[in-house]
Amino acid sequence: MQSQHKLDGNIFKRPSTFLIERYKVTNLQRLANADMVGDLLAKKRKFSYKYDSIQASELNKILDIIWESNSLFYTLTYIESNVEKTAIVYTGAIPSELYRTGSNWVWKGVSFDLIEK
Amino acid sequence: MSIPTTDAEYNKASRYLQQKVIIYFPGITPVVVTRDDYLISTGTLEEAHATSGSIPFGKVSSNELNIKLSSPNGLFAPSNKLSPYYSKMIRGVKIELYTRPVPDPIEYDWDPMGVYYVTTWSAQVTGITADITANDKLYDVFKLSQIVYPIKREISYHDFYSEVFAALGITAEIDVLLTNKLRYAYIMQDNKAFLSELGVGALSDCYCKHNGNIVVNYLYKQRVLRATITDGDQIIDATINQTIDMSYDGSEVTCNLPQESAEQNVLSVKNFSVSASATETTTMLLSSTPLIRMSKVATTGAPQVHVINVNATPSEVTFEVQNPNASPYGINIDFFGTIINTYKVTYKDEGVKLLSIDNKYMQSFLYASMAKDYLHKYVSSELPVLSLNVRGNPKWELGDKLRIVSERYHLDFTGILISNKSTYDGSFSSALKLIDATLLEGVI
């Protein structure tokens with residue numbers, strides 16, 4: 001089955017684990033009577049990708065966009081409950097552990113977060 | 001179709017607010033900036049009167065707006081020739097600030113938060129942000145040349161203010177209650193000093209409203225309660241702010257009663273040099289002021305040398321000296337006229353250190369006694385000014401009467417809003433200062 005994850009329009013490998021976290025960014029504070037109040041600043045999502053193992057060629061497709069390019073922000077397209085959605089995201093750390101070398105390098109434990117701008 | 005906001009929208013436990021900044025760059029369509037593109041934060045400081053100094057009214061100051069913008073690729077860097085706004089990020093550019101709840105689904109009108117004019121615009125081409133400081137219309141009034149105004153008799157404060165702002169080409173909202181009359185109205189100072197002194201003399205504050213208009217607000221009047229705010233909707237914390245030196249133990253107000261003097265020498269010029277067959281024009285400050293009228297000019301020391309075309313203001317005289325002779329001459333010139341002399345009457349408490357006013361525009365016993373009574377109550381009050389940190393409401397204006405009810409701070413305080421410092425960085429909040437309304441409303 002073809003991956004439904006794209007970065008700047010480029011399809012990349014379907015992850016082993018895909019996690020969406022949703023946040024309301026607020027200034028929640030307590031009034032003088034201790035009631036909680038707040039201004040909503042924004043709604044933001046965080047997308048966590050994890051690959052138990054991934055071939056170098058597949059990993060490079062991802063790294064070309066989020067690591068090799070000098071751009072800080074990318075357009076992520078993904079399917080959520082049968083609805084295509086997009087988000088402008090930036091990335092955090094991108095750890096990867098070497099699993100196998102040779103003609104087809106394989107990496108394991110690759111994970112990264114794409115955080116909504 | 002949008003609808004007006006109400007206080008309830010800004011008192012909700014859960015708010016989702018947005019601001020927009022409209023920048024009127026010269027020669028192009030106004031640029032609207034929101035947090036969806038370049039707006040990072042804004043801050044406004046509004047004051048009904050300058051809080052420097054001890055007198056709690058009258059002294060003018062201009063409101064200030066600070067804006068931080070994202071400036072990708074130097075978009076808002078004044079020195080960036082590649083910016084579409086290059087050469088337009090200059091002093092005097094008009095900026096309007098608005099706030100409203102984010103449409104969800106009701107779309108609300110934008111609430112204006114002032115009209116400002118850029119005073120500084122700073123950003124590095126390589127920087128990622130730009131900082132803009134802007135001030136309201138009064139800032140430029142302060143910078144304009146001193147108003148030339150002929151001395152007038154028996155004119156109301158209202159009409160004096162109206163004529164002054166008309167002379168500046170500005171429409172202002174002058175409080176209709178300012179019917180008390182000045183015996184003599186005249187101007188001897190630069191605009192800021194003059195408006196400050198007139199504000200104290202007229203028992204008024206002069207500032208800009210959110211619609212950008214200058215308003216002159218008479219202090220001693222009953223006001224309609226604008227809003228009540230409580231621990232449960234707005235109040236974050238409150239502090240007692242004793243803004244004046246606690247050592248004042250009374251007040252002193254001096255009334256200046258102006259009268260026209262007898263004719264006197266108002267300027268004596270010795271050995272004024274005029275070239276041969278020449279006419280010299282000059283302007284000199286008078287030694288005695290303010291001049292009501294020039295009555296005569298006397299010259300000695302040179303035959304056939306005459307002073308012509310004499311034009312005098314309350315503070316200076318412009319004249320021409322004509323010398324038809326074939327050789328240069330030096331002459332002595334004496335100008336005579338009548339000036340305003342003031343007779344002082346002081347209302348004062350018994351005390352060691354008195355909060356004092358001695359003001360040339362306080363020309364009636366009524367205003368002097370009212371001012372003295374107000375200052376006396378002000379220095380005697382345990383809580384003349386209340387400071388509050390609140391969630392904020394962009395609809396509040398300086399001069400609004402707000403009631404603060406707080407069980408936590410044991411407060412039931414009704415005050416007049418004299419300072420509002422608001423910030424927006426996605427969330428909105430305000431620091432307020434209110435002066436006890438009973439100090440003002442009890443002396444009418």
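The values are calculated or read from the model by the stated rules, or taken from the named source; none is laboratory data. Quick caveat, the model's predicted, so the values are computed rather than measured. Cβ coordinates were reconstructed from backbone atoms using ideal geometry, including for glycine residues, and neighbour counts include every protein chain displayed. Ligands, DNA and RNA are stripped out before the accessible areas are found, and what is left, the full protein with its side chains, is counted by its heavy atoms. Shrake-Rupley method; radii C 1.70, N 1.55, O 1.52, S 1.80 Å.
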Pull up the stretch B:262-302, narrow it to residues that are over 18 Å from B:Ile187 (Cα atoms) and not in a strand (DSSP E or B), then point me to the one that is most open to solvent (accessible area, probe 1.4 Å). B:Glu263
Across (1) touching a strand residue (DSSP E or B) at 6+ places or on another chain (Cβ under 7 Å); (2) open to solvent by less than 70 Å² (accessible area, probe 1.4 Å); (3) closer than 21 Å to A:Leu19 by Cα, A:Leu63 clears everything bar (1)
Answer yes or no: is there a residue in the stretch B:337-344 that is touching a Ser or Thr at 6+ places or on another chain (Cβ under 9 Å), open to solvent by less than 30 Å² (accessible area, probe 1.4 Å) and over 27 Å from B:Lys360 (Cβ atoms). no
Enumerate the strands (runs of 3 or more DSSP E) found wholly within the stretch B:25-81, keeping only those where 3 or more residues are among the polar types (S, T, N, Q). B:39-47
Just a yes or no: is a residue in the stretch A:40-60 away from chain B (no Cβ under 14 Å), over 22 Å from A:Asp8 (Cα atoms) and open to solvent by 20 Å² or more (accessible area, probe 1.4 Å)? yes
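Could you check the stretch B:1-52 and list, in sequence order, the residues that are of a type in the set (Phe, Trp, Tyr), closer than 19 Å to B:Ile132 by Cα and in contact (Cβ under 8 Å) with a residue 40 or more places away in the chain? Don't jump to the end; show me each part of the working.
To start, the set of residues in the stretch B:1-52 that are of a type in the set (Phe, Trp, Tyr) comprises B:10, B:16, B:24-25, B:38.
After this cut, where a residue has to be closer than 19 Å to B:Ile132 by Cα as well, the list is B:24-25, B:38.
Answer for the stretch B:1-52, where residues must be of a type in the set (Phe, Trp, Tyr), closer than 19 Å to B:Ile132 by Cα and in contact (Cβ under 8 Å) with a residue 40 or more places away in the chain: B:Tyr24, B:Phe25.
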Is it the case that the stretch A:68-83 has a residue that's of a type in the set (Gly, Ala, Ser) and within 14 Å of A:His5 (Cα to Cα)? yes
Every listed condition ((1) among the aliphatic types (A, V, I, L, M); (2) farther than 30 Å from B:Gln234 by Cβ; (3) open to solvent by 60 Å² or more (accessible area, probe 1.4 Å); (4) touching a strand residue (DSSP E or B) at 6+ places or on another chain (Cβ under 8 Å)) holds for A:Leu114 save (3)
Return the residues of the stretch B:154-184 that are hydrophobic (A, V, I, L, M, F, W, C) and in contact (Cβ under 8 Å) with a residue 60 or more places away in the chain; say none if nothing qualifies. B:Leu182
Scan the stretch B:336-352 for residues that are of a type in the set (D, E, K, R) and within 28 Å of the chain's Cα centre (by Cα) and jot them down. B:Lys344, B:Lys348
Which members of the stretch B:348-366 meet the condition of being under 30 Å from B:Thr289 (Cα atoms) and open to solvent by less than 50 Å² (accessible area, probe 1.4 Å)? B:Leu354, B:Leu355, B:Ile357, B:Asn359, B:Lys360, B:Tyr361, B:Met362, B:Gln363, B:Ser364
Please specify each residue of the stretch A:66-79 satisfying the condition of being free of Cβ contacts under 8 Å to residues at least 60 places away in the same chain, within 13 Å of A:Phe112 (Cβ to Cβ) and open to solvent by less than 70 Å² (accessible area, probe 1.4 Å). A:Ile66
Within the stretch A:5-37, considering residues that are under 13 Å from A:Lys50 (Cβ atoms) and open to solvent by 60 Å² or more (accessible area, probe 1.4 Å), the one nearest to the other protein chains (Cβ to nearest Cβ): A:Leu19
Quick check on the stretch B:214-231. Is at least one of its residues within 14 Å of chain A (Cβ to nearest Cβ) and not in a strand (DSSP E or B)? yes
